[in-house]
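Throughout, read-outs are computed from the coordinates displayed, never taken from laboratory work. Please read all numbers here as calculations on a predicted model, not as lab measurements. Here Cβ is always computed from backbone atoms with ideal geometry, including for glycine, and neighbour counts include all displayed protein chains.
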Amino acid sequence: MTKKEKEIIEEDPESDISETKEREIKDKSIYVKVSDEIREIIDTYKEEGKTISSLIEEAIETYNNFYTMAPDAYAILEKYKDLYEHEINLIEEALRVYDKHKNPEVANDLDLWVRAREERDMMLIGKITFNQLITAAEEPKDSLKKPQRTNNAIDVILWYTKKPITHLTLKEIILAIQKMWVISNYFIRIDVDQPTEDTYYMTFIHAQDERFSRYWLGYFEVLFNYLNESKDVPFKCGFEGQAFGQTVSITIREFYEKT
């Protein structure tokens with residue numbers, strides 16, 4: 001064995017000890033004193049199964065990502081942060097603006113939902129709650145008749161279209177229903193098909209039962225019968241429809257314009 005080989009062997013144990021000590025130092029627990037507010041946050045996430053060490057790792061990684069953002073992006077943050085109580089509020093607002101930019105249709109629907117709550121004082125309740133309400137209404141044989149005729153559809157359509165009823169076309173009314181009754185959370189989807197110039201097929205999809213379908217079939221029958229008979233509406237129309245388990249199918253035909 002050469003002298004050089006002996007030196008390498010002699011150095012190895014010392015090198016291993018050095019590496020072990022360095023690893024022990026790195027693995028040594030970090031103890032810090034935190035405020036009661038931070039302790040409450042830690043306890044909240046501990047209940048979700050997070051360990052303190054994983055929280056610290058994630059927090060440091062998030063901190064590092066935040067403060068190593070591009071200088072121009074950080075300059076924007078500094079420019080506007082004083083307008084908000086906390087930096088997170090500014091970031092939340094920035095994400096909402098970004099989402100509106102990337103998804104204009106979703107953003108428009110959200111804005112419409114908010115305006116409907118504020119301006120129309122619309123309930124915008126969930127389908128289950130609504131189903132429970134109509135089930136509890138009056139006696140079983142008449143339980144659907146009263147809510148069907150307590151019909152605010154015209155008010156909602158006029159609010160959405162921003163037109164007087166005397167200037168509305170049948171198509172505008174149908175498209176207003178398609179938009180607002182989904183926004184209001186009554187239906188998952190409303191499909192509109194126009195096979196001919198004067199005929200519209202509307203399919204209302206929901207996740208409830210046939211009773212829910214029968215309610216809305218009666219509701220829209222009341223609406224279109226009113227439109228057909230009203231002297232204010234510039235057209236006459238016919239209505240027919242069917243109620244199924246989770247679907248309402250409606251056909252509306254425009255007969256002629258009133259003179």
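Between the range 199-247 and the range 71-91, the alpha-carbon centres lie 50 Å apart.
Shown in residue order for the range 188-202 are the 3J(HN,Hα) couplings computed by the Karplus curve 6.51 cos²θ - 1.76 cosθ + 1.60 at θ = phi - 60°: 6, 7, 10, 9, 10, 10, 10, x, 9, 4, 10, 10, 10, 10, 10 Hz (x for Gly and Pro). Annotation for the range 187-255: chymotrypsin sites (Phe, Trp or Tyr not before Pro) lying in DSSP loop with at most 14 further Cβ atoms inside 10 Å of their Cβ are Phe244. Going by neighbour counts of Cβ atoms within 10 Å, the residues Tyr160, Tyr63, Tyr45 line up, fewest first, as Tyr63, Tyr45, Tyr160. Given the pairs Lys50/Lys81; Lys163/Lys231; Lys179/Lys231; Lys46/Lys81, which are separated by over 22 angstrom at their Cα positions? Check vs 22 Å cut-off fails for Lys50/Lys81; Lys179/Lys231; Lys46/Lys81.
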